[in-house]
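This report refers to the structure that appears directly beneath it.
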Amino acid sequence: IEVEVEKGNVLWIQNDQSLSKLIQDCENQGIDVQRDTWFIVKRGFQLNHTHQLSEWVREYKPVLVIVDSVTSCSTKMQVEEKDSAFAAPFYHYSEKNGDPGPEGFPATTIIWIHHDNAAGDARGNRLLVAGIDEQWHLRKPNETEHGPLQGQGHKPAQCRMVQIKKSRLGREGDLLVVERDANYEYSV
(Lines give C-alpha, C1' and ligand atoms only; values in the text may rest on other atoms or scores of the structure.)
Protein backbone atom coordinates (compact mmCIF):
# COMPACT_ATOMS: atom_id res chain seq x y z
CA ILE A 1 0.00 0.00 0.00
CA GLU A 2 1.11 3.54 -0.66
CA VAL A 3 1.33 5.63 2.50
CA GLU A 4 1.80 9.38 2.31
CA VAL A 5 4.35 10.49 4.86
CA GLU A 6 4.99 14.09 5.83
CA LYS A 7 8.66 14.93 5.31
CA GLY A 8 10.49 16.51 8.18
CA ASN A 9 12.89 16.02 11.03
CA VAL A 10 13.05 12.80 13.02
CA LEU A 11 14.08 12.95 16.67
CA TRP A 12 15.49 9.58 17.77
CA ILE A 13 15.92 9.34 21.54
CA GLN A 14 17.69 6.22 22.62
CA ASN A 15 19.48 4.63 25.51
CA ASP A 16 18.77 1.04 24.49
CA GLN A 17 21.90 0.29 22.50
CA SER A 18 25.43 1.57 22.06
CA LEU A 19 25.98 4.58 19.82
CA SER A 20 28.11 2.48 17.44
CA LYS A 21 25.22 -0.03 17.02
CA LEU A 22 22.75 2.79 16.39
CA ILE A 23 25.06 4.35 13.78
CA GLN A 24 25.45 0.95 12.07
CA ASP A 25 21.65 0.44 12.04
CA CYS A 26 21.21 3.92 10.55
CA GLU A 27 23.85 3.29 7.88
CA ASN A 28 22.10 0.02 6.98
CA GLN A 29 18.99 2.12 6.26
CA GLY A 30 20.89 4.76 4.26
CA ILE A 31 21.02 7.36 7.05
CA ASP A 32 24.30 9.16 7.76
CA VAL A 33 23.87 10.59 11.27
CA GLN A 34 26.75 13.03 10.68
CA ARG A 35 25.45 14.36 7.32
CA ASP A 36 21.66 13.95 7.46
CA THR A 37 20.64 16.94 9.57
CA TRP A 38 16.98 15.86 9.50
CA PHE A 39 17.85 12.83 11.70
CA ILE A 40 18.59 14.03 15.23
CA VAL A 41 19.90 11.59 17.85
CA LYS A 42 19.65 12.32 21.57
CA ARG A 43 20.95 10.08 24.33
CA GLY A 44 20.81 10.06 28.13
CA PHE A 45 17.15 11.06 28.27
CA GLN A 46 14.97 10.10 31.24
CA LEU A 47 11.22 9.73 30.74
CA ASN A 48 10.30 11.95 33.68
CA HIS A 49 12.40 14.86 32.36
CA THR A 50 9.35 16.26 30.60
CA HIS A 51 10.89 19.71 30.11
CA GLN A 52 13.79 18.19 28.14
CA LEU A 53 11.62 16.40 25.56
CA SER A 54 9.41 19.49 25.22
CA GLU A 55 12.47 21.67 24.58
CA TRP A 56 13.82 19.29 21.94
CA VAL A 57 10.48 19.17 20.11
CA ARG A 58 10.21 22.98 20.19
CA GLU A 59 13.80 23.30 18.92
CA TYR A 60 13.85 20.64 16.17
CA LYS A 61 10.12 20.58 15.25
CA PRO A 62 10.21 16.88 14.31
CA VAL A 63 7.33 15.21 12.49
CA LEU A 64 8.31 11.99 14.28
CA VAL A 65 9.81 11.28 17.70
CA ILE A 66 10.94 7.76 18.56
CA VAL A 67 11.92 6.84 22.12
CA ASP A 68 13.92 3.59 22.28
CA SER A 69 13.01 2.38 24.82
CA VAL A 70 10.70 3.24 27.73
CA THR A 71 12.63 0.95 30.05
CA SER A 72 16.08 2.28 29.13
CA CYS A 73 14.82 5.87 29.49
CA SER A 74 13.49 5.28 33.00
CA THR A 75 16.52 3.84 34.78
CA LYS A 76 16.87 6.82 37.15
CA MET A 77 13.20 7.27 38.00
CA GLN A 78 12.12 7.01 41.63
CA VAL A 79 9.12 4.82 40.69
CA GLU A 80 8.84 1.45 38.94
CA GLU A 81 6.77 0.47 35.90
CA LYS A 82 4.24 -1.22 38.20
CA ASP A 83 3.57 2.06 40.06
CA SER A 84 0.79 4.32 38.84
CA ALA A 85 3.10 7.36 39.03
CA PHE A 86 5.26 5.79 36.30
CA ALA A 87 2.55 6.66 33.74
CA ALA A 88 2.38 10.37 34.68
CA PRO A 89 4.90 11.53 32.02
CA PHE A 90 2.84 9.85 29.26
CA TYR A 91 -0.23 11.85 30.26
CA HIS A 92 1.89 15.02 30.31
CA TYR A 93 3.28 14.39 26.81
CA SER A 94 -0.18 13.57 25.48
CA GLU A 95 -1.66 16.76 26.95
CA LYS A 96 1.18 19.05 25.78
CA ASN A 97 1.50 17.58 22.25
CA GLY A 98 0.26 20.32 19.92
CA ASP A 99 -0.42 22.75 22.81
CA PRO A 100 0.74 26.29 21.88
CA GLY A 101 1.09 27.23 25.58
CA PRO A 102 4.43 27.78 27.31
CA GLU A 103 4.77 24.15 28.46
CA GLY A 104 3.45 22.72 25.19
CA PHE A 105 5.25 21.76 22.02
CA PRO A 106 4.43 21.54 18.28
CA ALA A 107 2.22 18.61 17.28
CA THR A 108 4.26 15.51 16.47
CA THR A 109 3.89 11.75 16.37
CA ILE A 110 5.63 10.04 19.29
CA ILE A 111 6.44 6.34 19.18
CA TRP A 112 7.37 4.82 22.53
CA ILE A 113 9.16 1.48 22.12
CA HIS A 114 8.36 -0.72 25.10
CA HIS A 115 9.07 -4.39 25.53
CA ASP A 116 6.59 -7.07 26.56
CA ASN A 117 6.49 -8.79 29.92
CA ALA A 118 7.06 -12.54 30.19
CA ALA A 119 3.38 -13.24 29.39
CA GLY A 120 3.59 -11.25 26.13
CA ASP A 121 1.53 -8.32 27.44
CA ALA A 122 2.51 -4.68 27.96
CA ARG A 123 4.92 -4.20 30.85
CA GLY A 124 3.93 -1.93 33.69
CA ASN A 125 0.48 -1.03 34.91
CA ARG A 126 -2.73 -0.41 32.96
CA LEU A 127 -2.32 3.37 33.27
CA LEU A 128 0.73 3.18 31.01
CA VAL A 129 -1.41 1.94 28.11
CA ALA A 130 -4.26 4.27 29.07
CA GLY A 131 -1.95 7.29 28.67
CA ILE A 132 -1.24 6.73 24.98
CA ASP A 133 -3.42 7.01 21.85
CA GLU A 134 -2.58 3.62 20.34
CA GLN A 135 -0.81 0.46 21.38
CA TRP A 136 0.75 -1.56 18.58
CA HIS A 137 2.04 -5.04 19.35
CA LEU A 138 4.75 -6.55 17.14
CA ARG A 139 5.05 -10.33 17.15
CA LYS A 140 5.97 -13.35 15.06
CA PRO A 141 3.08 -15.13 13.29
CA ASN A 142 1.58 -17.91 15.37
CA GLU A 143 1.17 -21.45 14.02
CA THR A 144 -2.45 -20.91 12.92
CA GLU A 145 -1.39 -17.90 10.81
CA HIS A 146 1.31 -19.77 8.86
CA GLY A 147 -1.09 -21.50 6.44
CA PRO A 148 -3.08 -18.37 5.50
CA LEU A 149 0.14 -16.38 5.07
CA GLN A 150 1.61 -19.04 2.78
CA GLY A 151 -1.68 -19.12 0.85
CA GLN A 152 -1.27 -15.39 0.18
CA GLY A 153 2.30 -15.92 -1.06
CA HIS A 154 4.08 -14.81 2.10
CA LYS A 155 6.97 -16.55 3.84
CA PRO A 156 5.97 -16.69 7.53
CA ALA A 157 9.59 -16.71 8.74
CA GLN A 158 10.08 -13.32 7.07
CA CYS A 159 6.83 -11.85 8.44
CA ARG A 160 5.90 -10.01 11.59
CA MET A 161 2.38 -9.24 12.70
CA VAL A 162 1.47 -5.76 13.95
CA GLN A 163 -1.73 -5.87 15.98
CA ILE A 164 -3.36 -2.65 17.12
CA LYS A 165 -4.46 -3.52 20.65
CA LYS A 166 -5.75 -0.13 21.81
CA SER A 167 -6.84 2.78 19.65
CA ARG A 168 -8.54 6.08 20.31
CA LEU A 169 -8.96 6.27 16.52
CA GLY A 170 -11.25 3.23 16.26
CA ARG A 171 -8.60 0.89 14.81
CA GLU A 172 -8.49 -1.53 17.72
CA GLY A 173 -8.04 -5.09 16.46
CA ASP A 174 -6.53 -4.16 13.06
CA LEU A 175 -3.80 -6.57 12.03
CA LEU A 176 -1.00 -5.70 9.62
CA VAL A 177 1.48 -8.12 8.05
CA VAL A 178 5.00 -6.74 7.62
CA GLU A 179 7.31 -8.79 5.41
CA ARG A 180 11.02 -8.37 4.71
CA ASP A 181 12.28 -9.76 1.42
CA ALA A 182 15.74 -11.07 0.47
CA ASN A 183 16.88 -7.50 -0.31
CA TYR A 184 15.87 -6.34 3.18
CA GLU A 185 12.98 -4.31 1.76
CA TYR A 186 9.77 -4.18 3.75
CA SER A 187 6.17 -4.36 2.61
CA VAL A 188 2.99 -3.94 4.67
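For V63, work out the one condition from (1) over 24 Å from Y184 (Cα atoms); (2) of a type outside the set (D, E, K, R); (3) surrounded by fewer than 12 Cβ atoms within 10 Å (Cβ to Cβ) it doesn't fulfil.
Against the list (1) over 24 Å from Y184 (Cα atoms); (2) of a type outside the set (D, E, K, R); (3) surrounded by fewer than 12 Cβ atoms within 10 Å (Cβ to Cβ), V63 comes up short only on (3).
Given the conditions (1) within 18 Å of the chain's Cα centre (by Cα); (2) surrounded by 10 or more Cβ atoms within 10 Å (Cβ to Cβ), report the number of the one that P148 does not fulfil.
(1)
Among the residues of the range 47-93, which ones are under 22 Å from D116 (Cβ atoms), acidic (D, E) and more than 16 Å from the chain's Cα centre (by Cα)?
Matches in the range 47-93: E80, E81, D83.
Looking only at the range 32-46, which residues are open to solvent by less than 90 Å² (accessible area, probe 1.4 Å) and either under 18 Å from the mean Cα position of the chain (by Cα) or of a type in the set (F, W, Y) (or both)?
Across the range 32-46, the qualifying residues are F39, I40, V41, K42, G44, F45, Q46.
Hey, among A130, A88, A118, which residue is open to solvent by 80 Å² or more (accessible area, probe 1.4 Å), more than 30 Å from D36 (Cα to Cα) and among the aliphatic types (A, V, I, L, M)?
Only one candidate qualifies: A118.
I'm told A118 meets every condition in (1) more than 24 Å from E6 (Cα to Cα); (2) in a loop (DSSP other than H, G, I, E, B); (3) within 18 Å of the chain's Cα centre (by Cα) except one. Can you identify the failing condition by its number?
Looking at each condition in turn, A118 falls short on (3).
In the range 151-170, which residue that is within 23 Å of Y184 (Cβ to Cβ) and over 17 Å from the mean Cα position of the chain (by Cα) is surrounded by the fewest Cβ atoms within 10 Å (Cβ to Cβ)?
Among them, the one singled out is G153.
Listed here are the residues, each with its yes/no results for (1) open to solvent by 70 Å² or more (accessible area, probe 1.4 Å); (2) touching a residue at least 24 places away in the same chain (Cβ under 8 Å); (3) of a type in the set (S, T, Y).
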{"site": "V3", "(1), (2), (3)": "yes, yes, no"}
{"site": "K7", "(1), (2), (3)": "yes, yes, no"}
{"site": "L11", "(1), (2), (3)": "no, yes, no"}
{"site": "N15", "(1), (2), (3)": "no, yes, no"}
{"site": "L19", "(1), (2), (3)": "yes, yes, no"}
{"site": "I23", "(1), (2), (3)": "no, no, no"}
{"site": "H49", "(1), (2), (3)": "yes, no, no"}
{"site": "V57", "(1), (2), (3)": "no, yes, no"}
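So E95 passes all but one of these: (1) surrounded by fewer than 17 Cβ atoms within 10 Å (Cβ to Cβ); (2) in contact with a strand residue (DSSP E or B) (Cβ under 6 Å, 6 or more places away or on another chain). Which condition number does it fail?
The one condition E95 does not meet is (2).
Tally time: how many residues in the range 133-143 are polar (S, T, N, Q) and either outside any loop (DSSP other than H, G, I, E, B) or crowded, with 16+ Cβ neighbours inside 10 Å (or both)?
1
I'd like the full set of residues that are over 21 Å from A107 (Cα atoms), acidic (D, E) and modelled with pLDDT under 90, limited to the range 1-35.
If the condition is that a residue be over 21 Å from A107 (Cα atoms), acidic (D, E) and modelled with pLDDT under 90, then E2, D16 are the ones that fit.
The values are calculated or read from the model by the stated rules, or taken from the named source; none is laboratory data. Bear in mind that the values here come from a model prediction, so they are computed numbers and not experimental data. Every residue, glycine among them, receives a Cβ derived from its backbone with ideal geometry; neighbour counts consider all protein chains shown. Calculation scope for accessible area: heavy atoms of the full protein, side chains included, ligands and nucleic acids excluded. Shrake-Rupley method; radii C 1.70, N 1.55, O 1.52, S 1.80 Å.
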